[in-house]
Amino acid sequence: MKRALTLTALLLTSCSDLGAHNDHLGGHDPESDNGWEVDADVDVGRPPDDLGNGGVIDDLFGDDGDDGDDDLGLGGVLEDSDSDSTLSIGFIVHVEAWNFNSGWDDDGNWVWGHTKFLRYATKLRRYSKFFRDFAIARHVAPFVQWEVNNILDPDPLTWDASLIRALQRSGAVGLHADILGPTTAAMTSYLSSRRTLLQSAATAGSPLYDVSGICSERNWVRAAIDSGFTSVTGIVDYCEKALPVWQQSTNVRFCTNPGDCHDPWGSMEQRVNPWRASQASQFHTHDPSGELILIPGSGEITCLEEALTIPSPGGPECELHVTSPQGDLDEARALIDEALLHVEPGKLNQIHFTWSFGRDHGVPNLNALLSAIHTEYVDTGRARWSTIDRMVERYQSLSATNQEP
């Protein structure tokens, strides 16, 4: 029985090209509260000229989101277990900004585009603080991998470099590209420019290893390598589009967009141990000389329950359930238990889940889910939390000692 789903999915020729990856998510409104109270300072009726560049966000949280605990910083000093046979559990947030255009809301009020962005950014900073506080309280290093893109756009009304640094306070950052691309060369150019922009906003010295949302018929492996990335996550069924037709699964062969083929690729046994690749046409076969590390995921955390009965669910179809029978927490446990069966000493063993932020499922649910996983697997020593960046570094370290292929 299918247990999980993940989502990944161009802004090269026109803005509409980006929709190919995001249609399955639905048009979630980033200004919807969903459990958060919007600060009174953020006035929905204020024109953008009065808010400035960064505006209320910097007033509320400071320039880099620092709440005073300098002992953790990026990567932290509170390290998790480093046993080679321990299962690493990752949590990736795909930061997918939606419609920040000025316009009328459902209540007939005019809302400035910059105000929509401020609301969205405020939520992101609050979630970053939640994740960071969660890690500090449990004496583990910050573990969330934030994969961003649209919030990098250097629009004078939305550009806020400090937001990236605020996210890094709870883990690491990478790029969620949402890219199909007319050619491999165009993909490479786009990825390079976005990586440069991310580097300009991130904390100095950040590795920026990972990119997601790049699977297509193009040579997405080569594009990632040539644009400076070290790893790829979001390995979904649609990645097979780059394989020769006769090697593609039947559902992929007739699939016309990533949103319809975004279940996690491969079996759990195939996903637990990352591998190397040098060409997308052979991504599923380990290449010892490959420059790119492929790290497959095991589902979007809010859609694990729905994936039991709905093919490739996403967006409005998914809610985060932590108490219902066969809810997302139960399914996450089942997947982690399955991954533990395939742990191999001397290798990087991992499982990670994604969350598309655009849709807000509330801190209480998220806290309950992460707390249960921590108590059952991390506290007992069977697993450790890890960013994708730390997984990459562990893989590279094992490769250097010939323990990892």
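The values are calculated or read from the model by the stated rules, or taken from the named source; none is laboratory data. Small disclaimer: the values here were computed from a predicted structure and weren't measured. As a convention, Cβ positions derive from the backbone with ideal geometry for all residues, glycine included, and neighbour counts pool all protein chains shown. What goes into the accessible areas is simple: the full protein's heavy atoms, side chains included, and nothing from ligands, DNA or RNA. Shrake-Rupley method; radii C 1.70, N 1.55, O 1.52, S 1.80 Å.
Which of the three applies to segment 130-210, rounded, prolate or oblate, going by the alpha-carbon gyration tensor with a ≥ b ≥ c and a/c under 1.5 meaning rounded? Since a/c reaches 1.5 and a/b is larger than b/c, the shape of segment 130-210 is classed as prolate.
Assuming a ≥ b ≥ c are the square roots of the Cα gyration tensor eigenvalues, decide whether segment 231-384 counts as rounded (a/c under 1.5), prolate (otherwise, with a/b larger than b/c) or oblate. It is oblate, given that a/c is not under 1.5 and a/b is not larger than b/c.
Mean projection of the Cα convex hull over all viewing directions, computed for segment 150-251: 7.3 nm². Close amide H pairs (under 5 Å, H built 1.01 Å from N) link Gly234 with Gly297, residues at least 5 positions away or on another chain. The alpha carbon centroids of segment 337-371 and segment 223-257 are separated by 23 Å.
The stretch between Ala185 and Glu269 holds 26.9 nm of extra length on full extension. This uses 0.36 nm per residue minus the Cα-Cα distance.
The calculated FRET efficiency for the pair Ala372 and Asn251, based on their C-beta separation and a Förster distance of 25 Å, comes to about 0.15.
Atom-type composition of the exposed protein surface of segment 233-374 places 52 percent of the accessible area on carbon and sulfur (1.4 angstrom probe).
Shape verdict for segment 346-403, please, from the Cα gyration tensor: rounded (a/c under 1.5), prolate (a/b greater than b/c) or oblate. Note, shape of segment 346-403 comes out oblate. Placing dummy labels 7 Å off each Cα toward the beta-carbon, the span from Ser85 to Asn99 is 5.5 nm.
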